[in-house]
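Chemist: My questions will all concern the structure given below.
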Amino acid sequence: MRTGNYKMLMLGLMALCLVLGFGNSRAEAARGSDYSFSATELFSGESMNLEELTADAPLVFHIFSPDCPHCQRHMPYVKNLYGKLDGKAVNFLMYSVDSSQRETERFMDSRSLSMPVVIDGQGQFSELFKQDGWPTTVVLGKGGKLIGTCDTNGPSYVDEVVDLIAKAQQDYYN
C-alpha cells in the first residue's frame, strides 16, 4: 500500500513537471520568434505591417474573440488601457480571432469600442501568436522583439501592460 502511494505521488510530480516544463519551453520559444506580419485594419482599410508599427514606438497587440465570455468581461479594462495610452508613444492594435468581419464589427459597435482591429481569415496571426487562450495582450518592441505578454483579467491589467510598455520604450530611447 505504501509503495502504491509513493508511485502515485511520483507519477503526479512527473506529470506536473511535464506540464510546467512544456509551458515554460513554449514561452521561451515564443520569445525568439519572428512576429512579422501585414494586415488591413477593419474599419479604416489601412494596410499595416509589424515593421512600420514598431519602427518608432512599441506595439500593444490585444488578442481576443468576440464569442469568448472572458474576453467580453475583460474588454472594459482594454478600453481603459487604450484611453490611458492616448497621446503616448505607443501603437495599439487588437486582433479578433475566430470571428468574421461582421461579428467583429457588431462586437465593437455594441461596446462603443473605437480601437483599431484586424481579423485573420487566413490564420496568419494564429500561427504567429499561438496562445493557450484569450484574452491575451502582447507587447512588442523595436524590431518586433517580444517584450512580454499579459493575460491578467482584472484591475491590475492596465498597470501590468503599462509596465511592459515602459520596458519596451527603453529600446527606443537608449
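Chemist: Determine, for each peptide in 44-55, 88-99, the mean count of other beta carbons within 10 angstrom over its residues, then list the peptides with the highest first. All intermediate terms of the calculation are to be shown ahead of the outcome.
Modeler: Values: 44-55: 14.1, 88-99: 19.8.
Answer by packing, highest mean first, reads 88-99, 44-55.
Chemist: To continue, here is another question. When ranked by the protection proxy of mean other Cβ atoms within 10 Å per residue, highest first, what sequence do the peptides 58-64, 107-113 form?
Modeler: Packing proxy ranking, top to bottom: 58-64, 107-113.
Chemist: Ranked highest first by average number of other Cβ atoms within 10 Å, how do 72-79, 137-144, 152-159 line up?
Modeler: Details: 72-79: 17.5, 137-144: 20.8, 152-159: 14.0.
Going from most to least packed, we get 137-144, 72-79, 152-159.
Chemist: Right, something else. Give me the one-decimal Kirkwood hydrodynamic radius in Å for region 35-173, with the sum taken over alpha-carbon pairs.
Modeler: Details: mean 1/r = 0.0669 Å⁻¹.
One decimal place: 14.9 Å for the Kirkwood radius.
Chemist: Could I ask something else about it? Which of the three applies to region 35-102, rounded, prolate or oblate, going by the alpha-carbon gyration tensor with a ≥ b ≥ c and a/c under 1.5 meaning rounded?
Modeler: Details: a/c = 2.05, a/b = 1.23, b/c = 1.67.
Note, shape of region 35-102 comes out oblate.
Chemist: Apply the Karplus curve 6.51 cos²θ - 1.76 cosθ + 1.60, θ = phi - 60°, to the phi angles in region 108-115 and return the couplings in whole Hz, x for Gly and Pro.
Modeler: Taking θ as phi minus 60°, the curve returns 5, 5, 5, 10, 6, 9, 10, 6 Hz for region 108-115.
Chemist: Something else now. Picking from Tyr95, Val158, Ala57, whose Cα lies most toward the positive end of the charge dipole for region 35-173 (charges on Cβ: Lys, Arg +1; Asp, Glu -1)?
Modeler: So the residue we want is Val158.
Chemist: Determine ³J(HN,Hα), in whole Hz, for all residues of region 88-103 in sequence, where each value follows from phi through the Karplus function 6.51 cos²θ - 1.76 cosθ + 1.60 and θ = phi - 60°; x replaces Gly and Pro.
Modeler: 8, 7, 7, 9, 9, 8, 9, 10, 8, 8, 6, 8, 7, 4, 4, 5
Chemist: Please list, in chain and number order, the residues 5+ apart from Tyr95 or on another chain whose amide H is under 5 Å from its amide H, with Hs placed from the backbone.
Modeler: Those lying under 5 Å, H to H, from Tyr95 are His62, Ile63, Phe64, Val118.
Only the coordinates and a few stated rules stand behind these numbers; no lab work does. Remember, predicted model here, so these are calculated numbers, not experimental data. Because the Cβ atoms are built from the backbone with ideal geometry, glycine has one as well, and the counts that use them run over all protein chains shown.
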